[in-house]
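The values are calculated or read from the model by the stated rules, or taken from the named source; none is laboratory data. Values in this document were obtained by computation on a predicted structure and should not be read as measured data. Virtual Cβ from ideal backbone geometry, glycine too; neighbours counted across all protein chains shown. Note: areas computed on protein heavy atoms with side chains; ligands, DNA, RNA excluded. Shrake-Rupley method; radii C 1.70, N 1.55, O 1.52, S 1.80 Å.
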Amino acid sequence: MKTNNERNYGIDLLRIFSMVSVVILHNLYQGGILPQLKTNNPNWWQFWLLENLAIVAVNVFAMITGYVSMMHRFKSDRVLQVVFQTIFWSVTVSITLYQLRMPISVETVKASFYPLAQFWYVNAYIGLFLLSPVLAFGVKHVSKRTFKRLLVVLLIVSAGLDAGSHFFLLNGYTAYWLVVMYLVGAYIQLYPDAIRWKPVAFLGIYFLMACLSTYLQWNAGWFHTDKWWFIRYTSPFVIVEAIAIFVWGVRLRVKNRLLRAILKFFAPISFGVYLIDESNFYDVILPRMFTSMIREQPTYFALRILGISLLMYLVFALLDFVRLLIFKLLHINQGLALIDRSGKWLIDKL
């Protein structure tokens with residue numbers, strides 16, 4: 001097993017890519033495009049291909065967690081930081097929308113002070129995070145062969161049984177599925193030479209699987225299934241696609257200093273983009289925002305959505321940078337670390 005503590009800027013790029021993809025997914029679905037898009041619409045192919053390219057976001061972000069966990073010491077106060085950041089953006093966005101006289105009720109604003117039920121990924125991440133010390137210890141103390149066998153069986157069983165919804169994976173919206181993706185990321189970090197293909201091959205697989213999934217969705221009637229079956233997080237197509245783009249990213253070598261600085265700046269504030277986009281902004285501002293595009297002529301509309309999503313990512317990321325400065329000024333993380341130490345002390349006294 002090999003570990004390398006040198007900063008991997010490919011991981012930074014994957015963090016940014018994942019959060020941009022989340023914004024794209026929300027814009028396409030909650031923005032009103034995909035639910036109203038018929039297969040005979042000339043825009044169908046470009047919008048669904050963009051959806052298939054972006055659907056890897058959750059799987060990739062979970063793999064990042066597993067990858068970096070193999071290189072860094074477990075920090076228990078991290079979960080408190082995530083929870084407090086979530087509450088901050090939930091409350092801030094809700095109060096802002098209320099003050100702007102948007103259609104948001106007082107009850108919704110009150111509920112924003114306990115927002116974890118709204119942010120499914122935060123809930124699932126907490127479950128993954130609490131298990132991560134045990135997972136990290138386990139994968140470092142089993143043989144490569146055993147780890148590989150376990151991983152292959154987990155992926156096959158999870159993807160297969162979830163097709164009937166009897167494995168309670170909820171199409172990947174669970175802590176269990178994040179654990180599976182965590183293990184994939186951990187394996188790739190511990191055994192980087194397991195697959196010796198060139199990075200461009202993985203990039204090709206990523207695009208190929210996205211195109212294949214889009215084609216199968218177009219012909220979903222042939223398989224007597226719904227088109228959404230092909231694009232869930234636990235779909236075999238999405239799994240292969242996510243692993244391919246992840247391997248490409250971790251093997252990417254970024255040498256340009258300016259690009260390195262940009263990636264280093266935006267990567268740590270990327271998770272805040274998800275929190276803002278998934279807040280009441282998702283329910284109040286975003287619904288049916290882009291439905292007019294369905295009726296217009298099919299000229300580069302997918303690129304337009306991509307551009308809008310990139311702009312939204314940039315604005316939300318800069319807002320989270322301001323939040324980060326406020327937290328530093330108020331020594332919020334130091335306070336959370338104190339709470340964490342106090343909690344450990346109390347548990348040890350039991």
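Below is a table of values for the structure above.
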item: Within the range 301-324, tally of residues that are free of Cβ contacts under 8 Å to residues at least 12 places away in the same chain and either among the charged types (D, E, K, R) or farther than 21 Å from ASP12 by Cα (or both); result: 2
item: Within the range 250-350, helices (runs of 4 or more DSSP H) holding 2 or more residues that are open to solvent by 20 Å² or more (accessible area, probe 1.4 Å) and out of contact with any Lys or Arg (no Cβ under 9 Å at 6 or more places or on another chain); result: 257-266, 280-284, 292-295, 301-329, 332-349
item: Among residues of the range 93-119, those that are part of a helix (DSSP H, G or I) and touching a residue at least 24 places away in the same chain (Cβ under 8 Å), counted; result: 4
item: Matching entry among VAL142, VAL153 (being under 22 Å from VAL247 (Cβ atoms), of a type in the set (Val, Ile, Thr) and not in a helix (DSSP H, G or I)); result: VAL142
item: Residue list for the range 324-350, restricted to those being closer than 26 Å to LEU275 by Cα, more than 26 Å from the chain's Cα centre (by Cα) and among the polar types (S, T, N, Q); result: GLN334
item: Residues satisfying the stated conditions in the range 238-249, i.e. surrounded by fewer than 22 Cβ atoms within 10 Å (Cβ to Cβ) and either among the charged types (D, E, K, R) or touching a Ser or Thr at 6+ places or on another chain (Cβ under 9 Å) (or both); result: none
item: Filtered residue count, the range 179-222, keeping only those that are open to solvent by less than 60 Å² (accessible area, probe 1.4 Å), under 20 Å from GLY249 (Cβ atoms) and either touching a strand residue (DSSP E or B) at 6+ places or on another chain (Cβ under 7 Å) or not in a helix (DSSP H, G or I) (or both); result: 3
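Yes or no, residue by residue, for (1) of a type in the set (A, V, I, L, M, F, W, C); (2) more than 30 Å from ASN123 (Cβ to Cβ); (3) modelled with pLDDT of 95 or more:
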position	(1), (2), (3)
ALA210	yes, no, yes
PHE230	yes, no, no
PHE237	yes, no, no
GLU241	no, no, yes
LEU252	yes, yes, no
ALA261	yes, yes, yes
LYS264	no, no, yes
LEU275	yes, no, yes
LEU286	yes, no, no
